[in-house]
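Shown next, in structure tokens, is the structure this report addresses.
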Amino acid sequence: MRGVNAALGAAGLAAFLALGEAVPRLSLVKEAYFPPSSRVASALAHEVSDGAFWSALGDTLVGWAIGLAIAVGAGVAAGVLIAIVPFLRETTASTIEFLRPIPSVALIPLAVLLYGTQLRSVLLLVVYASFWQVLIQTLYGVQDVDPVAEETARSYGLGTWARVRHVLWPTALPYVMTGVRLAAAVALILAITAELAIGAPGLGQRIAVAQASQAVPELYALIVVAGLLGLVVNVGARTVERRALAWHQSVRGEVAV
Amino acid sequence: MRRPLLRLAFAVALPVVLVAVWWAASEGSSDPFWPPLRTILKTFPDVWTADRLRADVLPSVLRLAAGYAIAAVVGVALGTFVGSYRRVRAVCEPVLEFLRAIPPPVLVPVIMLFAGIGDMMKIVVIASGCVWPVLLNTVEGVRAVDPVMLETARSYGITGVGRLRDLVLRSASPQIFAGLRQALSIGIILMVISEMFAASDGIGFTIVQFQRGFAVPDMWTGILVLGLLGFLLSVLFQLVERRVLAWYHGLRAATRRSS
């Protein structure tokens, strides 16, 4: 079954590429706006042989990774703290609900003024956007702790730290991992957006340059790279999630049932 | 009577403290980038007059609404189609996963090639970024429709529009709403980004103008407006979701009580 699906998927991908080749060749759309797949592929090959491309890719990944790490660390710490102290939970709920929907790109002008095109501009946006994903999921996760398990641990005399370690954390982890997976995708979007809009070094900046110089096939090639990067981030986050939750029912269940 | 009052106090306390801290900390600020909150709030009514709301906020919101609506309709329709047929799903999945993985803001330069820099470009950008979460969540939701219910519907002769509306879309609707929620935040991002790139009006355009002119307090008011807009749209979304999914939340609460 799996093999058949993979074959069908490959056929779909091939059809997609063939369509991308045929539509501009048949002049259904202007070739200047929509270059055929083969020209995008050769532009991509050209990019890959360019050292500057790799350093831009590296810049994007560094911004993404540092931003994500800060957001996950801060989100989990704040989430656990807020969730286990009822007073904090009640007082912060409205503030979180208000701050969360503020679009992170609203901070772009501020980032430009404060840090110009430095890495810190990118980090400001990335951290702001991905922090909420982790925080909210951590809050949900800690609230999901079974009160019976919590009471049992208490009556067996487990201390606060032991209860966090053995009761709270295993319950919250699946939620936290969901948050991390969402945050990883959001962080990439914001890293590339920041480079695109602010001009901080990275893939986004290369895209902006390609657009400004009317290098259309290169533009498409860079977008393909951005998409592949997104794909790698998604697949990677899913793999990490599955590894970290290998003991959990939701992952084990896939095999056993 | 006491409980709601207490809850209100809890809800308001921290925001009040935060605003007070911001006010006090920035009061004597001479840093040009962090103007006193007093100045920002004083600037606010001067900048966001009724004229400006009509000239800048309204066009932004209309573009967002148009792009979002297109994405919702296309995403649900295509998603239902793809999700209903196993073969179609297998063929489309890798391509859809790839298209979804493209960070939506990079579409702005490409779509500018086709659609120029007018309203059309912004609507297309918003629609093409928002459509993926809706589409893929709809596929997931439609795929997960209870096969027993599908069989039951078949044996009762429920087909066509009735089957689609009362069974397939209804049982997929919690998933569809999850997708619509993700799409909303992407839509707001794209609304702002597309205006920052090329526009002659809109909130994103105005904020960047302020920033380039070093009108820092004005820029801060723009950030506040975007924050308020994001908040309002999210509240609106929650209201709609709660109404449409009332049956679902009720069902979940009931199963939780009984278990």
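The values are calculated or read from the model by the stated rules, or taken from the named source; none is laboratory data. Please read these numbers as outputs of a predicted model, since none were measured by experiment. All Cβ positions, glycine included, derive from the backbone under ideal geometry; neighbour counts span all protein chains shown. These accessible areas exclude ligands, DNA and RNA; they are computed on the full protein's heavy atoms, side chains included. Shrake-Rupley method; radii C 1.70, N 1.55, O 1.52, S 1.80 Å.
Structure above, values below:
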quantity: Extent along principal axes [Cα atoms of the protein assembly as shown; Å; largest to smallest]; calculated: 73, 72, 45
quantity: Sequence of B:Ile117, B:Ile111, A:Ile66 from largest to smallest accessible area, 1.4 Å probe; calculated: B:Ile117, A:Ile66, B:Ile111
quantity: Fraction of the pair-distance distribution of the stretch B:179-259 above 17 Å, Cα-Cα pairs, percent; calculated: 60
quantity: Estimated [θ] at 222 nm from DSSP helical runs (n ≥ 4, -39500 (n - 2.57)) normalised by residues in chain A, nearest 500; calculated: -27000 deg cm²/dmol
quantity: Size-normalised alpha-carbon gyration radius of the stretch B:1-128, reference 2.2 N^0.38 Å; calculated: 1.67
quantity: Dipole axis of the stretch B:1-53 (+1 Lys, Arg; -1 Asp, Glu on Cβ), positive-most option in B:Val16, B:Val47, B:Pro32; calculated: B:Val16
quantity: Overall dimensions of the stretch A:2-99 as given by Cα atoms, namely Rg and Dmax in Å; calculated: 23.9, 66
quantity: Computed E for A:Ala77/A:Ser213 - FRET, C-beta separation, R0 41 angstrom, nearest 0.05; calculated: 0.40
quantity: Whole-number percent relative contact order across chain B, with pairs defined as alpha carbons under 8 Å at least 6 apart; calculated: 23
quantity: Pairwise FRET efficiency - A:Ala11 versus B:Asp146, Cβ, R0 = 22 Å, nearest 0.05; calculated: 0.15
quantity: Hypothetical label at B:Asp201: residues of the stretch B:49-82 whose amide nitrogen lies under 12 Å (7 Å Cα-Cβ projection); calculated: B:51-63
quantity: Environment charge of A:Leu139, counting only residues whose C-beta is closer than 13 Å and scoring Lys/Arg +1, Asp/Glu -1; calculated: -1
quantity: Charge tally in the Cβ shell below 11 Å around B:Ile176, where Lys, Arg are +1 and Asp, Glu are -1, B:Ile176 excluded; calculated: 0
quantity: Spin-label model distance (nm) - B:Leu236 vs A:Leu61, 7 Å beyond Cα toward Cβ; calculated: 4.2
quantity: Stokes-Einstein D in µm²/s, Kirkwood radius over Cα pairs - chain B at 4 °C with 1.567 mPa s viscosity; calculated: 61
quantity: Selected from A:Gln118, A:Gln137, A:Gln214 as most flexible by GNM, with chain A as the system and alpha-carbon contacts under 10 Å; calculated: A:Gln214
quantity: Percent accessible area from carbon and sulfur atoms, the stretch B:100-259, protein chains only, probe 1.4 Å; calculated: 63
quantity: Cleavage-rule hits (chymotrypsin sites (Phe, Trp or Tyr not before Pro)) in the stretch A:128-164: DSSP loop, at most 10 neighbouring Cβ within 10 angstrom; calculated: A:Tyr156
quantity: Pairwise label distance in nanometres, B:Leu164 with A:Leu231, each label 7 Å out on the Cα-Cβ vector; calculated: 3.1
quantity: Within a Gaussian network of chain A (alpha carbon springs, distance under 10 Å), most fluctuating of A:Gly79, A:Gly12, A:Gly199; calculated: A:Gly12
quantity: Helical segments meeting 20 Å axial Cα length and Kyte-Doolittle -0.5 threshold in chain B (DSSP H); calculated: B:2-26, B:58-84, B:86-101, B:119-143, B:169-197, B:216-244
quantity: Interatomic Cα distance distribution for chain A, bins of 10 angstrom, percent; calculated: 7, 23, 26, 23, 14, 6, 2, 0
quantity: Dimensions in Å of the stretch B:48-100 - Rg and Dmax from alpha carbons; calculated: 17.8, 55
quantity: R0 of 30 Å, Cβ-Cβ distance B:Arg154-B:Leu245: FRET efficiency to nearest 0.05; calculated: 0.70
